[in-house]
Amino acid sequence: MTALLDVILPVFLVIGFGYLAVWKGFFSDAGVDGLMKFTQNFAIPCLLFRAISTLDLEQNFDLALLGSFYTGALAGFTVGLLGARFLFGRDWEDSVAIGFCCLFSNSLLLGLPITERAYGLSALEANYAIIAIHSPFCYAVGITAMEIARNRGERMTTLPAKVLKAMFNNALIVGITLGFIVNLGSIPLPSVFTDAVDLMIRAALPAALFGLGGVLYRYRPEGDMRTILFVVAVSLVLHPVIVWGLARSNDLSDAALRSAIMTAAMAPGINSYVFANMYGKARRVAASSVLVGTGVSIFTVWIWLYVLP
């Protein structure tokens, strides 16, 4: 009960405030759009840039950690894709979008604040190692699969260019890339610049959580409930269970295990809807999966916090 009250509920209360504010008309849809644009295109890229630029890459980029997490993520994508196609009769493009929902856990808006509240700020280094390649990996998988589904029977020579263009139109990936450049190049940054970035970072997660609440109110579930529950089950149960098994077999440290599970156990992220909207496929399933999964994760995360060492 302590974990629920002290760790999980404050995060979900901020989301709830955003949901309530939009529901009761205290905060407009245009305000939500502006807030999410600020957080996703500016504040969170700054957070990722700062984290990656100062991360000890040699110590934190553990192949066992990354292999455990991303094997589980790819398994979730595969199960989601094939389940949508063969269990629910969706076309291949819809199935890719649904698979992406099972692939893209909310590592930033939920994974970071919950891990920090549960285990402290120092516990986030492994989270950042996972997040550093999360968007590039997920978008590379999703875009590649979608382009193959859309262009079956055609020449695929333009596929790499399409994938790279779509990826680097994403501000999160730009922030991560710049962070790696500064880190690997040992580029010194003036303190006035890092202080400004740090001011942006302080606004990132609270504003994004509030904005997420407004977004979730907009996309309430309407039909497709069996498919939505399937996505939620893959995201909240299958993915973290696979990561748990692999992490144990790879003998990860307790700190790495916590970060891997806390990231894998999060609901589908809002980028699931962004991806579905980008291609105009399975948008209702994607949006509703984010909403339902976020609500259910209050209880599943509580269970994982009890189970984890």
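For the reader, a short list of remarks on this structure follows.
- Of the helices (runs of 4 or more DSSP H) entirely within the range 235-309, those holding at least 3 residues that are of a type in the set (Val, Ile, Thr) occupy 239-249, 283-307.
- Meets criteria (among the polar types (S, T, N, Q) and open to solvent by 60 Å² or more (accessible area, probe 1.4 Å)) for SER297: no
- The set of residues from the range 87-135 being outside any helix (DSSP H, G or I) and either within 14 Å of the chain's Cα centre (by Cα) or closer than 27 Å to GLU147 by Cβ (or both) comprises LEU87, PHE88, GLY89, ARG90, ASP91, PHE104, SER105, ASN106, ILE133.
- Residue that is least open to solvent (accessible area, probe 1.4 Å), among those in the range 123-155 that are among the polar types (S, T, N, Q) and over 17 Å from LEU65 (Cα atoms): ASN151
- Residue ID - most open to solvent (accessible area, probe 1.4 Å), chosen from residues in the range 176-230 that are more than 23 Å from GLY269 (Cα to Cα) and outside any helix (DSSP H, G or I): PRO188
- Test for LEU108: is it in contact (Cβ under 8 Å) with a residue 40 or more places away in the chain and either surrounded by fewer than 21 Cβ atoms within 10 Å (Cβ to Cβ) or more than 17 Å from VAL215 (Cβ to Cβ) (or both): no
- Any chance ALA84 is in a helix (DSSP H, G or I) and surrounded by fewer than 24 Cβ atoms within 10 Å (Cβ to Cβ): no
- Residue tally, condition open to solvent by 60 Å² or more (accessible area, probe 1.4 Å), touching a residue at least 40 places away in the same chain (Cβ under 8 Å) and either hydroxyl-bearing (Ser, Thr, Tyr) or touching a Pro at 6+ places or on another chain (Cβ under 7 Å) (or both), over the range 25-73: 2
The values are calculated or read from the model by the stated rules, or taken from the named source; none is laboratory data. Owing to the predicted nature of the structure, the values given are computational and were not obtained by experimental measurement. Note that each Cβ is placed from the backbone with ideal geometry, even for glycine, and that neighbours are counted across all protein chains shown. Surface accessibility is based on the protein's heavy atoms, side chains included, excluding ligands, DNA and RNA. Shrake-Rupley method; radii C 1.70, N 1.55, O 1.52, S 1.80 Å.
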